[in-house]
Amino acid sequence: MQLGILYGISVGTGDPDLITVKGLRILQTVDIVTFPQGIGDKLGVAEKIIRQWLKPQQTTIALDFPYVREQDILESAWQKSAKIIGQYLQQGKNVAFACEGDVSFYSTFTYLANTLKQLHPEAIIETVPGVCSPTAAASDLQIPLTVRNQRLTILPAMYTVEELETALDSAEVVVLLKVSSVYQQVWQILQKRGLLNSSWVVEKASYSDRKIYRNLQLHPNLKLPYFSLLLIQVC
């Protein structure tokens, strides 16, 4: 029996209409639709985005990807999910993995696909690109992310102050993902450099209930959710 295909489908950052026509077509024609499991009893982000597009006859599976940094725990989760998907592929069924944002942009799908290839080297994997959070945030702000020859630096997470200082010294535009836990530190650096008025925080980019904070001089102590980013125009 011919193996099914695993599709990594980018579904955007929150607005269900941001999925591409190609992504939607594949999503609605596969036998099995998978996505990261939400925390606790909550729906996952990708599941919320796609649920209105799914058909009743499709099988949906929430896969457990823990929010931890321990490599052994993560690898165990990738192995478990890859084995689940592999069983369906061996039955000749096509499987979609709905990925928040873009599948190639700091995505869990990368690790899942690599693990599946290790277990099933003959597996066919295809990806569909989509909207990622920096471009969605720029759209919400109604500004270009970059122009002309501006250099862009994106920090997926900031663990030391020096990382931000280096980025601000070397790029004209800097985007900080996962900024909620370090916002006060970042605010102090931006104040020191006189960049508070050319920086914005976007909370839940592209969602109907998104929040935008401008003129950060007025917001030194924001309490932000996990899905928040900070965009800085250095010059």
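The values are calculated or read from the model by the stated rules, or taken from the named source; none is laboratory data. As the structure is a computational prediction, the values presented were derived from the model and not from experiment. Neighbour counts are summed over all protein chains in view; Cβ atoms, including those assigned to glycine, are modelled from backbone coordinates with ideal geometry.
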**Complete:** Screening 32, 49 for residues that are under 14 Å from the mean Cα position of the chain (by Cα) and not assigned by TED's automatic domain parsing to the domain that holds residue 228 leaves only 49
**Request:** Working only within the range 51-94, note down all residues that are in contact (Cβ under 8 Å) with a residue 60 or more places away in the chain and more than 30 Å from residue 207 (Cα to Cα).
**Result:** 88, 89, 90, 91, 92, 93
**Prompt:** Out of the range 132-144, which residues are hydrophobic (A, V, I, L, M, F, W, C) and either surrounded by 18 or more Cβ atoms within 10 Å (Cβ to Cβ) or outside the structural domain of residue 212 (by TED's automatic domain parsing) (or both)?
**Reply:** 132, 136, 137, 138
**Every residue from the range 22-50 that is within 26 Å of residue 92 (Cβ to Cβ) and either without any contact (Cβ under 8 Å) to a residue 12 or more places away in the chain or in a loop (DSSP other than H, G, I, E, B) (or both)** = 25, 28, 29, 30, 31, 37
**Message:** Out of everything in the range 88-139 that is β-branched (Val, Ile, Thr) and touching a Pro at 6+ places or on another chain (Cβ under 8 Å), what residue ends up being farthest from residue 74 (Cα to Cα)?
**Reply:** 103
**Prompt:** Within the group 74, 155, which residue is surrounded by 15 or more Cβ atoms within 10 Å (Cβ to Cβ), at pLDDT below 95 and more than 19 Å from residue 9 (Cα to Cα)?
**Reply:** 74
**Asked** How many residues does the range 57-98 contain that are over 23 Å from residue 22 (Cβ atoms) and among the hydroxyl-bearing types (Ser, Thr, Tyr)?
**Response** 3
**Prompt:** If you take the residues of the range 135-167 that are outside any loop (DSSP other than H, G, I, E, B) and charged (D, E, K, R), which of them is nearest to the chain's Cα centre (by Cα)?
**Reply:** 140
**Request:** Just name the residue that is farthest from the chain's Cα centre (by Cα) out of those in the range 95-110 that are of a type in the set (Gly, Ala, Ser) and closer than 22 Å to residue 204 by Cα.
**Result:** 98
